[in-house]
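Computed from the coordinates by the stated procedures, all read-outs in this text should not be read as laboratory data. Since this is a predicted model, take the numbers as computed values, not measurements. Cβ atoms come from the backbone with ideal geometry, glycine included; neighbour counts cover every protein chain shown.
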Amino acid sequence: MSFLHSTKRAALLAAGVMALTALGSATPASAQYAQELRHDPARCSSGSAVWVTIEGIRPGGGTLRVQSYRATKGDWLESGRWLNRIELPARAGSMRVCMPLPASGHYGIAVRHDVNNNGKTDLSTDGGAMSNNPSLNIWNLGKPSYKKVGFDVGRAPTSIAITMRYR
């Protein structure tokens, strides 16, 4: 076999492998989970997205983490089932965050203020909030039903307001 023939054969084989890889990598539903995004307000100019106004942020710095979930029993606040996450330096008062969403649907938003930036939930200092501002009590241990936090998003951006709660 000539060098030219073997080079063509290798190129065809490589092209075939790339095509099969592309076919095999069609985005499964699970690939929509756990997307860490940079805050980009332009993503709320069109398409499925929500402007989240977060009010009552206490001073002290730290990081504000905003996560979107499908408002379903199987996804809401389940480990690894969040769709998108945006982390920003926290500012006292209120902040507005654009959260892009994969499509029209029923969603919930969870917000956490990691005051000391240690990456852990410190019940004595950190704050939290959820879409629709459900009441939290000892019976639901901070995990209200997906039915209480869910809101609908269409093909155009919508807006919600969330109020932070601290101990």
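Would you pick out the residues in region 38-55 that are assigned to a strand (DSSP E or B) and either under 17 Å from residue 113 (Cα atoms) or without any contact (Cβ under 8 Å) to a residue 60 or more places away in the chain (or both)?
52, 53, 54, 55
Does residue 61 satisfy the condition of being farther than 20 Å from residue 158 by Cβ and over 11 Å from the mean Cα position of the chain (by Cα)?
yes
Which of the numbered conditions does residue 156 fail, given that it passes all the others? Conditions: (1) outside any strand (DSSP E or B); (2) among the hydrophobic types (A, V, I, L, M, F, W, C); (3) in contact with a strand residue (DSSP E or B) (Cβ under 8 Å, 6 or more places away or on another chain).
Checking residue 156 against (1) outside any strand (DSSP E or B); (2) among the hydrophobic types (A, V, I, L, M, F, W, C); (3) in contact with a strand residue (DSSP E or B) (Cβ under 8 Å, 6 or more places away or on another chain), the one that fails is (3).
Taking into account only those residues within region 67-104 that are hydrophobic (A, V, I, L, M, F, W, C), surrounded by fewer than 16 Cβ atoms within 10 Å (Cβ to Cβ) and not in a strand (DSSP E or B), which is farthest from the chain's Cα centre (by Cα)?
Ranking the qualifying residues of region 67-104, first place goes to 92.
Can you spot a residue in region 123-137 that is of a type outside the set (Gly, Ala, Ser) and under 20 Å from residue 33 (Cα atoms)?
yes
For region 24-38, does any single residue satisfy the condition of being within 18 Å of residue 161 (Cβ to Cβ) and of a type outside the set (D, E, K, R)?
Checking region 24-38: not a single residue is within 18 Å of residue 161 (Cβ to Cβ) and of a type outside the set (D, E, K, R).
Does region 105-131 hold any residues that are outside any strand (DSSP E or B) and either surrounded by fewer than 19 Cβ atoms within 10 Å (Cβ to Cβ) or in contact with a Phe, Trp or Tyr (Cβ under 8 Å, 6 or more places away or on another chain) (or both), and which are they?
116, 117, 118, 119, 120, 121, 122, 123, 124, 125, 126, 131
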